[in-house]
Structure formats: C-alpha cells, structure tokens
1. Could you tell me which of rounded, prolate or oblate describes the stretch 185-304, using a ≥ b ≥ c as the square roots of the eigenvalues of the alpha-carbon gyration tensor, with rounded for a/c under 1.5 and, failing that, prolate when a/b is larger than b/c and oblate otherwise?
2. Let me know the whole percent of all Cα-Cα pairs from the stretch 163-206 that are separated by more than 15 Å.
3. Taking the Cα-to-Cβ direction at Asp58 and at Ser296 and moving 7 Å from each Cα, how far apart do the two end points lie in nm?
4. Using the heavy atoms of the protein chains and a 1.4 angstrom probe, tell me the accessible area per residue for the stretch 52-155 in square angstrom.
5. How big is the Cα convex hull of the chain in projection, averaged over all directions, in nm²?
6. Could you give the nm distance between label points at Asp321 and Glu120, where each point is 7 Å from its Cα heading toward the beta carbon?
7. Arranged from highest to lowest average of other beta-carbon atoms within 10 Å per residue, in what order do the peptides 299-309, 176-186, 351-361 appear?
8. Compute the length gained on full extension between Ser360 and Glu160: take 0.36 nm times their separation in residues and subtract their Cα-Cα distance, giving the result in nm to one decimal.
Amino acid sequence: MKKICLAILVLILGTCFSRNGYSQETTWIKPGIHTFEVPTDYLKERNEIPEFWVTTNDEVNNFLDTKIKKGKVKQVGTSAGGRPIRAVFYGSPRKGDGTSTYSGSLGYRDIKAYRGPDHEKTVLLAMAGVHGGEFEPIMGIINLLSVIETGSDLRGTEWEQYDELINSIDRIIIIPIMNPDGRNRVPIRMSPHSGMNHKVIEFWNTGGFPDGRIIGWPDIKEHIPFDFTTPKFPGGYSNEAGVNFQHDDFMGEIQPETQALYDLSAREKPDIILNMHTGAVFPKIHRTFLEKDLNSVYDEIYKEILTGWTLAGLERTNDLDRETNPERSINSPFNLNSALSMHCGALTFTMESPSHGFSSTRDEEGEMIIFTPEMLLDVQLIAYQKTLEFLAESGGLSKWRPSKNK
Ligand SMILES: [Zn+2]
C-alpha cells in the first residue's frame, strides 16, 4: 500500500529537486523486494549492445539452460533474496579423503593431509558478479563458457589455445553471477559510453541518491549492511540482506552466498579462486591478504597475466619490465578472497577490469583511452588463458607448497 502511494506521488511530482537546485526527472524502480527512486536518464541503454554482451540474470540463466552441453549446471546456493546461485562444472572432482583440516595440514607440513590421496589434481574456481553492477566479468565468464563449449567466444573468435589447456586441468568450476540479488537490482544491460564522466556507472555500481549524486567508492562500505529504509539506491554491491559479502562478517554471522562458497570450496578444494570485478583504469589483479607461502606464487601468476595483457596492447605501456613487476600490484585488505584462501588453501585474487561506460584516463597526446567491448572481452579471455596455463604448468597447491612428509 505504501509503495503504491509513493508511486502516485511521483506521478504527480514528476521531478525531484536536489540540494544544488537543479531538477532531475526520476523514476521508481522495484528491483527485488525494495523500491528505489533513480534519475530517469540513468536508465538509458547503449544503442547497439553486442551479442556477446550477456550479463543479466535472465540472459545468463537462458545461456546456462540452452548452451551448456559438455559441462554440468548445478545450483550451489541460494541468495539472501531467494535467487539460485548456479555454477557450471567440468572434469572430475577430488574424492576428498583427507585426514586433517587445512590448518592441520599446514601444521603437519603436507597439504595431502587435507586434500587426500588425489591431492595433485588441479582445480580452478572462477566467479563473476560478486558485485552485481560490474558487467564486464559476467560477460567475460559467459564467453569463457562459450569457448570451453564450442572453441569460440560469442563474437565468433576462435581460441585454439584453450583446447589442450582445458583438458590439462582436472576440474573447472565457473559461477557466472555470484550475487544475483545485486545484479537484479541494477536494471540495465549496458550503459552508453559517457566520456570521462563516471557518474552513471558509479551510481549503478556503488549506489546514489534520488537526485543522481553518487555514494561512491569506498564510502558505500561505511555501512554494511546497507539500510534499505533510506531513500538511497544501494547499487549492485549488496545482496537482498544489504550485505556486500566481499566484506562479509566472515568469522561471525555469514551470508548465504558466503556459506555457499565455503561449502563449495571445502568440497572441491580449488588451487586457484578467481574473483572477477570491474574497477581499474587498465586491467589489473590485486594481491589478496594471504598465508605467506602463497605470496611468491601470486608474484608468478601476476607476471604471467600482466604479460598476456601487455603483449595484447591492453596495458598503459608496452614496457614488459614495468607492467609485469608484481611490486606494482595493489594489496587488497582482508576480504572474501582471504577468507576463502584460509578456508581451503587456494591462491585467491581479485581481477579488476576497465569499464565499458566511461574512460578513466587520457594518454600522453591527451586522447581518451577507451576500452571497446571487444577489448574488454579480450581482457577477460586472456586472463583466463594465462591462469589456466599457469595452473597446468605449475601443478597447483601440491607443488607450490614444500612438503617434508612426501
Ligand atoms: Zn567489485
């Protein structure tokens, strides 16, 4: 009843006056169980959305239902808002006959005690959409699925390099949208490119006020859970309980999405967990707060992935020494990646993509640096290729950790 009254009110008023005096047409949207007032022009979609840009809950579910033939699609959890969290599984799982906890195996100095007799199996878990307003990783992971299923991405480019690679890894698990509540809350498919103005993209991603001002990063993290009784739009970070589970209460009361990841990673014991986001000027990976032996492994994979991006012309310069130096890596604070790593031993890290919706920078000639949708797709598929290569060649956690008991 209250929401109907509010809707009538907005029909009568039509505009919302901001503090600085300009008027802004607003629209009420009702994504999920909450209703929000947002600027009407923020809802504008890009004129031509490429066919490979598959990012909404409906588009992704349709893809999983119709295009996955080699993999197995399973629900691995349910979001706080009651939405299924779905994953695609390839290869054969570990049997999981370990005799100790992960921490126990560190004390015993042999990961085999945790992972069991088939500890040398290699397992990759990749997830996108922990933040529902970050579309590039969802698009990228769907195209990865297309490459695994057909050899080509959804724009038709063949990725022959992947063929052998996929078969050289024992198990691959892919979660296209980890936070379907957050994705549902952001009611657009693809924003127009707005030059150097990041306001609209940031509004959808990190929330904002009815007059269009953004809450922004990192201010949106000041309040977890988000208070849905305010007139503010929360952005795509949080689930329907208002929690951005990238920063969940990991040792206390955890969200169902975090629980689903704990259960899945305890069962599958991945070597690497990729947590794919949008939020960089040029594509980057960020170092997780990790158990110390894993840091040198991170340095190695940093070099591999950044080499792939630099050689493809996707970094600021072509200077390999500069771009692949792991000392340049940003350090993330304790977050979901750390919790998962300490739960199951995996090397975990966040990957940050540039955005389709704005340019963050100009080059030396003063030109705006635009990542086209095709470049954003390449960023994603090069990162997966390099990660799979690294896992296949290095042999995973059983090889990374020196064992005194073998
Ligand atoms: Zn993010």
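1. The shape class here is oblate.
2. Values: 588 of 946 pairs.
Of all Cα-Cα pairs in the stretch 163-206, 62 percent lie more than 15 Å apart.
3. 5.3
4. Accessible area per residue, the stretch 52-155: 38 Å².
5. Projected area, direction-averaged: 20.9 nm².
6. Output for this residue pair reads 3.9 nm.
7. Values: 299-309: 19.6, 176-186: 27.9, 351-361: 21.5.
Ranked from most to least packed, the peptides come out as 176-186, 351-361, 299-309.
8. Between Ser360 and Glu160, full extension yields 68.7 nm more.
The values are calculated or read from the model by the stated rules, or taken from the named source; none is laboratory data. Just so it is clear, the model here is predicted, and its values are computed rather than measured. Reconstructed Cβ throughout: ideal geometry from the backbone, glycine too, with neighbour counts over all protein chains shown. Accessible surface is based on the protein model in full, side chains and every heavy atom, while ligands, DNA and RNA are left aside. Shrake-Rupley method; radii C 1.70, N 1.55, O 1.52, S 1.80 Å.
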